[in-house]
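Below is one structure; the comments refer to it alone.
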Amino acid sequence: MKLWKCTVCGYIHEGEDAPEICPKCAAAKEKFIELSKEDADKVYNSDRTNDIHMEIILLARKIAQLCEEGIKLNLDPACVATFTKAKDEAWVIKQRSKAEIEGHMKKGKW
Ligand SMILES: [Zn+2]
């Protein structure tokens, strides 16, 4: 299957031909370019890993929310410290995956 990229907004369309109108920015068909096989492979090869990173980001957000609840319950100092540390670690996990996704985008792996 061919991949077509909107040169206006970056939207990527999959199909034998470019779409009549970009679903993202409404640019005309002529604004699309066909991706080379190498560039198309980057998009396909990173599709699942990008999804995994996004799921990790959501899970890290959930961990942070649970930790905030645990901190508020304030059972004892050790328990609060454990939740506080886990919340900080969840932030690192979330931001690391965001940075990786940003790197993928800059390399056309999106
Ligand atoms: Zn577009």
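The values are calculated or read from the model by the stated rules, or taken from the named source; none is laboratory data. Here the structure is a predicted model, which means the values were calculated and not measured. Every residue, glycine among them, receives a Cβ derived from its backbone with ideal geometry; neighbour counts consider all protein chains shown. For the accessible areas, the whole protein counts, side chains as well, though only heavy atoms, and no ligand, DNA or RNA atoms are used. Shrake-Rupley method; radii C 1.70, N 1.55, O 1.52, S 1.80 Å.
Here are some notes:
- In region 26-52, the residues that are under 25 Å from residue 96 (Cα atoms) reach residues that are assigned to a loop (DSSP other than H, G, I, E, B) with C-beta atoms within less than 6 angstrom, at least six apart or across chains, in these pairs: 39/108; 42/108; 42/109; 46/109.
- Against the numbered list (1) in contact (Cβ under 8 Å) with a residue 24 or more places away in the chain; (2) closer than 22 Å to residue 109 by Cβ, residue 90 comes up short only at (2).
- Condition broken by residue 63, with the remaining ones in (1) more than 19 Å from residue 86 (Cα to Cα); (2) among the hydrophobic types (A, V, I, L, M, F, W, C); (3) open to solvent by 60 Å² or more (accessible area, probe 1.4 Å) satisfied: (1)
- Residue within region 37-44 that is open to solvent by less than 30 Å² (accessible area, probe 1.4 Å), within 16 Å of the ligand (Cβ to nearest atom), over 30 Å from residue 93 (Cβ atoms) and at pLDDT 95 or above present: no
- The residue that is surrounded by the fewest Cβ atoms within 10 Å (Cβ to Cβ), counting only those in region 4-20 that are within 14 Å of the ligand (Cβ to nearest atom) and not in a loop (DSSP other than H, G, I, E, B), is 12.
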